[in-house]
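Enquirer: After the structure tokens below, expect a handful of questions from me.
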Amino acid sequence: MDANTNLLDFVGLDQKTDWKKETIINQSMFLIVLSQIENCNENFKLKLEIRKVMEIVQNPRNDDIGILNISSNGGTIKVNKQILLKNLNQIIDAQTVERAKYYLNRLKKGLTEIKTTKINDLNLNLWKEYDDILTDSLWILDKRDKSGAHSAGYWGNFIPQIPNQFLRRYTKQGEYILDPFLGSGTTLIECKRLGRNGIGVELLPEVAELANKNIANEKNEFNVKTEVINRDSTEINFKKELENRGIKSIQFLIMHPPYWDIIKFSKNKQDLSNANTIKDFLDLFGKVVDNTYDILDKDRYFALVIGDKYSQGEWIPLGFYTMNEVLKRRYSLKSIIIKNFEETKGKMNQKELWRYRALVGGFYIFKHEYIFLFKKAKK
Ligand SMILES: C[S@@+](CC[C@H](N)C(=O)[O-])C[C@H]1O[C@@H](n2cnc3c(N)ncnc32)[C@H](O)[C@@H]1O
């Protein structure tokens, strides 16, 4: 189920309605009808009435009570159709009339109040509906989201579900996101989908061009701004860049740097994948952390996505090294998420060989990477 949108979406009324996913209801009429049904003390009767409402939501032409009558007074609101139907279904499935009334009340509340926090648009009155928002520290994501402009084409890109999860949990519509290692543009594609503004910095001109093409392939339904800057994130003056664009600060930072030299992205010296030593790699990474520190709003979040590497018989914990680099700055650690590794086709064909190597070499095969979540706070 698509729970990207809140059940309520007052703001979206002036935007194009997707009739398959959304429905426009007459808020006050809907609430009156729900209250009348609530007076019903017989479980069977109550459910019969709810069924009628469901039928109208599914076939608006049969609306003989005016709950979808958007021309009358009472305020119209756009509602996520699937979530609304799910709520109605829950009432029908309730075992007792008390339980049915409990769900009915919750729906009424969801239709009248939106309880959000300072950092996202999730309606906490309907928190149970966001069943696709992850809250555990182990992420097993087995399929890459390939919908819309997303493709798996760029070697070393991350799966869109990563920025998707974070943008929904840690940003509000219209806020600004920065990705200083943009690559093929995954983060900015998600920004467009979710109605956030995004700035991405990418060192390599040909990759920045690819990102621009990919991002242009995504519809801009929320009319947000996305921009790719072809520069070096270790030396760019982010504050100035933002000022030039009339932007004061950003509200979320996401970094997916090269995993040192596992994939060599170029021969450019400023490219983190060309660092000669682990120290050089961490120094360059630290520069990007420093460079972006001032522009992130206080109490806002920073997600770092990175994996480890194996070299000359030794596990190099790039994840923990980079985590420490961030913790030397004024960030606090909020979570360490372990995310499963998608099996690349190459690795899949060599599965047996890798298993043999692991048995002989006394090591374990990489199956995970890290997402470190930090919060900007004075320590
Ligand atoms: C792991 S990839 C990011 C992939 C991206 N998340 C995506 O989904 O396509 C790292 C990117 O950082 C870029 N990069 C490396 N050093 C950089 C630097 N100093 N400044 C900006 N970008 C850099 C590389 O060219 C590469 O495209």
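The values are calculated or read from the model by the stated rules, or taken from the named source; none is laboratory data. Keep in mind that this is a model prediction, so the values were computed, not measured. Here Cβ is always computed from backbone atoms with ideal geometry, including for glycine, and neighbour counts include all displayed protein chains.
Enquirer: Which residue is surrounded by the most Cβ atoms within 10 Å (Cβ to Cβ), if the candidates are limited to region 343-365 and must be at pLDDT below 90 and within 31 Å of the chain's Cα centre (by Cα)?
Expert: LYS347
Enquirer: When the residues of region 222-265 are narrowed to those that are more than 9 Å from the ligand (Cβ to nearest atom) and among the aromatic types (Phe, Trp, Tyr), which ends up surrounded by the fewest Cβ atoms within 10 Å (Cβ to Cβ)?
Expert: Checking each candidate, the answer is PHE222.
Enquirer: Go through region 104-126 and give me each residue that's under 27 Å from CYS40 (Cα atoms) and in a helix (DSSP H, G or I).
Expert: Within region 104-126, LEU104, ASN105, ARG106, LEU107, LYS108, LYS109, GLY110, LEU111, THR112, ASN125, LEU126 meet the criteria.
Enquirer: Can you tell me which residue among LYS86, LYS115 is of a type in the set (D, E, K, R) and under 25 Å from ARG300 (Cα atoms)?
Expert: After applying the criteria, what remains is LYS115.
Enquirer: Can we say ARG300 is in a loop (DSSP other than H, G, I, E, B), in contact (Cβ under 8 Å) with a residue 24 or more places away in the chain, surrounded by 13 or more Cβ atoms within 10 Å (Cβ to Cβ) and more than 14 Å from the ligand (Cβ to nearest atom)?
Expert: So ARG300 fails the test.
Enquirer: Another question about this same structure. Which is outside any helix (DSSP H, G or I) and out of contact with any helix residue (DSSP H, G or I) (no Cβ under 8 Å at 6 or more places or on another chain), of ASN268, ASN223?
Expert: So the residue among ASN268, ASN223 that is outside any helix (DSSP H, G or I) and out of contact with any helix residue (DSSP H, G or I) (no Cβ under 8 Å at 6 or more places or on another chain) is ASN223.
Enquirer: Hey, could you check region 162-220 for residues that are of a type in the set (S, T, N, Q) and assigned to a helix (DSSP H, G or I) and say which is nearest to the ligand (Cβ to nearest atom)?
Expert: Initially, region 162-220 is screened for residues of a type in the set (S, T, N, Q), giving 164-165, 171, 173, 184, 186-187, 197, 212, 214, 217, 220.
When the remaining residues are screened for being assigned to a helix (DSSP H, G or I), the result is 164-165, 186-187, 212, 214.
Values: ASN164: 12, GLN165: 14, THR186: 3, THR187: 7, ASN212: 13, ASN214: 9 Å.
Step by step, filter region 162-220, then rank; the result is THR186.
Enquirer: Only residues in region 355-372 that are on the phi > 0 side of the Ramachandran plot count as the first member; pair them with residues that are surrounded by 15 or more Cβ atoms within 10 Å (Cβ to Cβ) and modelled with pLDDT under 90, Cβ under 6 angstrom, at least 6 apart or cross-chain, and list the lot.
Expert: none
Enquirer: So, one more: Could you please tell me which pairs satisfy a Cβ distance under 7 Å, a separation of 6+ or placement on different chains, a first residue in region 203-223 that is farther than 17 Å from HIS150 by Cβ and assigned by TED's automatic domain parsing to the domain that holds ASN274, and a second residue that is outside any helix (DSSP H, G or I) and among the aromatic types (Phe, Trp, Tyr)?
Expert: What qualifies is LEU204/PHE265.
Enquirer: Also, I was wondering about something else. Identify all residues within region 273-288 that are without any contact (Cβ under 8 Å) to a residue 60 or more places away in the chain and part of a helix (DSSP H, G or I); write none if there are none.
Expert: Once the filter is applied, which keeps residues that are without any contact (Cβ under 8 Å) to a residue 60 or more places away in the chain and part of a helix (DSSP H, G or I), region 273-288 yields SER273, ASN274, ILE278, LYS279, ASP280, PHE281, LEU282, ASP283, LEU284, PHE285, GLY286, LYS287.
Enquirer: Answer yes or no as to whether ASN291 is in contact with a Phe, Trp or Tyr (Cβ under 8 Å, 6 or more places away or on another chain), more than 21 Å from GLU369 (Cα to Cα) and in contact (Cβ under 8 Å) with a residue 40 or more places away in the chain. Show your work before the answer.
Expert: Values: in contact with a Phe, Trp or Tyr (Cβ under 8 Å, 6 or more places away or on another chain): yes; more than 21 Å from GLU369 (Cα to Cα): yes; in contact (Cβ under 8 Å) with a residue 40 or more places away in the chain: yes.
Considered against the rule, which asks whether it is in contact with a Phe, Trp or Tyr (Cβ under 8 Å, 6 or more places away or on another chain), more than 21 Å from GLU369 (Cα to Cα) and in contact (Cβ under 8 Å) with a residue 40 or more places away in the chain, ASN291 comes out as yes.
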